[in-house]
Amino acid sequence: CPSLPPPRGPHFASPLPMGCGHSRNRGGPNLPRPVHRAQVPGGPAPPPHYVMDKPKLTSGGGSFKASKSSFGRKASSRRFTVVQQGAPGPPDPVSGESRGGSLRPDDVALSLSASRKQSASGKLERAPSGPVSNLGILQLASASMVGLDPTKAKKKNQDAFLGSACFTDSDTGLFMVCDGHGGYGELCSEFVVNALPRALHTRIRGKTGNALDSAVKSCFLDVNAQLDVQRHIDATLSGSTCCAVLLTPKEIITANVGDSRCIAAYKVALPNGSTQFQARALTRDHKPDLPEEKARIIAKGGRVAPWEASELDHIFRIWLRDEDTPGIAMSRSFGDQVAASVGVIAEPEIQHFLRTPDLAFLLVASDGVWEFMDDQEVVNFIISEMHHGRRSFHEAVDSVVAESNERWLHNEGVVDDITVFGLVFDSVL
């Protein structure tokens, strides 16, 4: 493999500009840059303040742009998408079937299942077009904010996310966050968030236990193989994480590749009658210095070490044996063909957790959140915003994004893309 310079980005070895201003804004959940929301079929409707004003249809057939938001500021680049019949598009990367030209990655769940509607009384009713989720989700919140790089006039959001509370049926939900990196990172994450749900929808129906795990694993690996042969995506030094959560009435099943993360918050009753909320990680970040990950990389001829060219960078990265490339800071990823040659894999780590009555909420987020906030700190932050700041769960999730943004600015001078999905199961919140 020819010698290649380390690509730029938070996941790669790269000099980070320092010294940008840090401004604390705790007056409200207003975010400094435009935010995208997820539409979640089968899930509860978000409160009015959380969604944009009615968007206007553009000539694209399925892409919406909104000129205003009731979120608190104007935005010119926010978009919503819907499933509409359009001109035939390219064949699906997994099934090979033709799909409508209006479909975008965050439409996928909409095309796979139906949603429910909210009556005038506020109760959720069955929509005539499909099932209602039986997953006990009381609230859904999502936010995806593009990062900030002072060296670029306009940065693309390389995160992609998707949610469906009625994925294969009323008893199965899918929620996933993908974090792209490298020069073609946004194309990699969009490909994964498009292709993986289609593959899962076909193969996991009716499966449980080991059969389900095997089907999920094969979907991840097959989608990675498809990504490698896409002519319009150069995955040589680009790729994506994927943190996927399959939710059933009895189980939480996580399938993770990379360093996006899923955590749960559980209620703990104290002797004095008060309640605490305890964080529990449901996935593991795939870092190169984990013993089993490092052993695989070394066995494949790679190196695991910090970036010698930067005295400030103490992050363990993956390199070719005799070349300082690619410098990726995760041991599992979609794409990343150079890193894959020395043991970086797209095989997911799958874990099963029984749902218990003390489950309060779930969060799925890209590492833009976890870089400077640990699991318990994020849970405490949300509870504090809700109980002391008198904010809704949706506003508290927005506040996590805003706080993560401020910490990136304060610590690095740049900001990674930040994406959070939140699901509430406890009626007290």
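Here is how the numbers come out for the structure above:
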| item | result |
| --- | --- |
| Residues being within 16 Å of Asn224 (Cβ to Cβ) and touching a strand residue (DSSP E or B) at 6+ places or on another chain (Cβ under 6 Å) - total across region 295-339 | 8 |
| Unique residue being touching a Phe, Trp or Tyr at 6+ places or on another chain (Cβ under 8 Å), open to solvent by less than 10 Å² (accessible area, probe 1.4 Å) and not aromatic (Phe, Trp, Tyr) when the list is Gly368, Gly413, Gly343 | Gly368 |
| Checklist (1) in contact with a Ser or Thr (Cβ under 8 Å, 6 or more places away or on another chain); (2) among the hydroxyl-bearing types (Ser, Thr, Tyr); (3) over 21 Å from Cys242 (Cβ atoms) applied to Thr283, failing item | (3) |
| Verdict on Asp289 being open to solvent by 60 Å² or more (accessible area, probe 1.4 Å), without any contact (Cβ under 8 Å) to a residue 24 or more places away in the chain and among the acidic types (Asp, Glu) | no |
| Per-region count, region 185-218, residues surrounded by fewer than 17 Cβ atoms within 10 Å (Cβ to Cβ), touching a residue at least 24 places away in the same chain (Cβ under 8 Å) and in a helix (DSSP H, G or I) | 2 |
| Among the residues listed as Ile297, Ile315, Ile233, the single one being part of a loop (DSSP other than H, G, I, E, B), open to solvent by less than 40 Å² (accessible area, probe 1.4 Å), among the aliphatic types (A, V, I, L, M) and within 25 Å of Pro348 (Cβ to Cβ) | Ile233 |
| From the options Gly182, Gly173, Gly163, residue that is of a type in the set (Gly, Ala, Ser), closer than 21 Å to Val415 by Cα and either in contact (Cβ under 8 Å) with a residue 40 or more places away in the chain or open to solvent by 30 Å² or more (accessible area, probe 1.4 Å) (or both) | Gly182 |
| Lone unmet requirement of (1) open to solvent by 40 Å² or more (accessible area, probe 1.4 Å); (2) small (Gly, Ala, Ser); (3) in contact with an Asp or Glu (Cβ under 6 Å, 6 or more places away or on another chain) for Ala143 | (1) |
| So Ile382, is it touching a helix residue (DSSP H, G or I) at 6+ places or on another chain (Cβ under 6 Å), open to solvent by less than 50 Å² (accessible area, probe 1.4 Å) and farther than 19 Å from His36 by Cβ | yes |
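The values are calculated or read from the model by the stated rules, or taken from the named source; none is laboratory data. Just so it is clear, the structure is predicted and the values come from calculations on it, not from any experiment. FYI the Cβ positions are ideal-geometry reconstructions off the backbone, even for glycines, and counts take in every protein chain you see. Quick note on the areas: whole protein, heavy atoms, side chains included, nothing else; ligands and nucleic acids left out. Shrake-Rupley method; radii C 1.70, N 1.55, O 1.52, S 1.80 Å.
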